[in-house]
Amino acid sequence: MPTGIRPLIARDPREGHRAATQLELFFDLVSVVAIASVTVTLHHAISEGHGPEMLLNFIALFAVIWWAWMNFTWFASAFDNGDALFILLTMVVMSGAAVFAGGVESITTSLDFSYALVGWIIMRIGMIALWLRAARSNPDYRRPALRYAIGIAVAQALWIALYFAMPPNHAAFLAVFAAIFVVELAVPVWAERARETPWHRHHLIERYGLLNIIVLGEVVVSISLMFGDLYEGQAEAPLIFVAVSGLVIVFALWWLYFLESEDHLETSEFRRAIVWGYGHVIVFAAGALVAAGLGAVMDVVTHHSEIDASTASGWVAGPVALYLFGLWFIRDRFREGLLRQHLLLAGTAVVAILAFAGAPVSVTAVALVLLTAMRAAGTARANG
């Protein structure tokens, strides 16, 4: 562990061989806990027949978890110097994230964030301190750094005001919640207008890919639970079909994402980068929804559910369609060639139809296999 304290000088965005650090990977563990909690909570709600009512809460909480991860990730890409103070302040942020993650399950069901608010405040203290360090050490980036610090502080003040001014069961609560989150999203846009911070393209591609692997890992957990039921003597054909179909789905989702991973963020223009960075929340949330949906399908097959198979399958196909749309939105619509540009959008429509029709999970798996093969062929043709 570094013992010195050095100026938090901006990193070179053209630096070679930039990779995720052990500290960043450690930070991701907190996100794993929070994502797992919110996913499991939705899974149980779907099986109990309350999925639609819980979906909005899931979206709100998942967006907050992603935002905490994203705030740190983009800062570290531009200013991580690895000194002792940077590590300690990052651990402050991680501590707050851990406190927040501990309350995710209760927040998802009630939207009462009294306990987790403390964790969010701790996170914000750490992030504001990091941005103030960057402002002090980098005269060229002082204005954007100070804007980040001010914007984060203002947004946090709004969250505190919401907590004391309006109970979660108030009719306008979710609308005010969404408005404050819009303020959160506006902070980087406002700050970067002063001057773009020196984020590193390849580093961010890797960091986002790692988070996608974490999310897809939740899908693998759901599938492993199915195999666990098989070991316990519930070796029924429907469960086997669902487990194998789940594996096909998660493999296809991984393949489609990493098929052209180096082209995900192909420009240094901030406007395009912000679409890429923000748009990923669609992909990440869809992956978590697939995990929850597969868990609900497992409950149906093992007779532990209050919904039918068609409804449960829709909770898998629908998120798969959303995942495909997210990939098209952040990547494929900018590709050259009819097949590469529009195939995922067409796939979104097909899988969405399967979702509304209540098609079995195995049908969605077959559709994804065909889509992946066609997309890979289009990429090979373009690169050949």
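The values are calculated or read from the model by the stated rules, or taken from the named source; none is laboratory data. A quick note: this is a predicted structure, and the numbers were derived from the prediction, not measured. Because the Cβ atoms are built from the backbone with ideal geometry, glycine has one as well, and the counts that use them run over all protein chains shown. For accessibility, only protein heavy atoms count, side chains too; no ligands or nucleic acids. Shrake-Rupley method; radii C 1.70, N 1.55, O 1.52, S 1.80 Å.
See the values below:
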item: Cα gyration tensor, region 153-258 - rounded (a/c under 1.5), prolate or oblate; result: oblate
item: Simple label model, 7 Å out from Cα along Cβ direction - Arg142 to Val369, nm; result: 6.2 nm
item: Separation of the Leu29 and Ala171 label points, Cα + 7 Å toward Cβ, nm; result: 4.7 nm
item: Contact order relative to length of the chain, as percent, for alpha carbon pairs under 8 angstrom and 6 or more apart; result: 18 percent
item: Per-selection Rg to Rh, the chain - Cα, Kirkwood hydrodynamic radius; result: 0.98
item: Estimated inter-spin distance, Arg6 and Ile121, nm [label 7 Å along Cα→Cβ]; result: 3.5 nm
item: Region 114-218: relative contact order as a whole-number percent, Cα under 8 Å and 6+ apart; result: 27 percent
item: Cα-based shape type of region 37-104, given that a ≥ b ≥ c are square roots of the gyration tensor eigenvalues and the cut on a/c is 1.5; result: prolate
item: Among Leu130, Leu230, Leu345: highest mean-square fluctuation, GNM of the chain, C-alpha pairs under 10 Å; result: Leu230
item: Sites Ser310 and Leu225, calculated FRET efficiency, Cβ-Cβ separation with R0 25 Å, nearest 0.05; result: 0.70
item: Whole-number accessible area per residue in Å² for region 1-107, which is evaluated in the context of all protein chains at 1.4 Å; result: 40 Å²
item: Linear extension gain, Leu339 paired with Ala157, 0.36 nm per residue minus alpha-carbon span; result: 60.8 nm
item: Helix-derived mean residue ellipticity, 222 nm - over the chain, DSSP H n ≥ 4, -39500 (n - 2.57), to 500; result: -27500 deg cm²/dmol
item: Burial ranking of peptide ranges 43-52, 14-23 (average Cβ count within 10 Å, highest at the top); result: 43-52, 14-23
item: Global form of region 89-236, assessed from the alpha-carbon gyration tensor, a/c cut-off 1.5; result: oblate
item: Ratio Rg/Rh [Cα only; Rh per Kirkwood] for region 1-63; result: 1.26
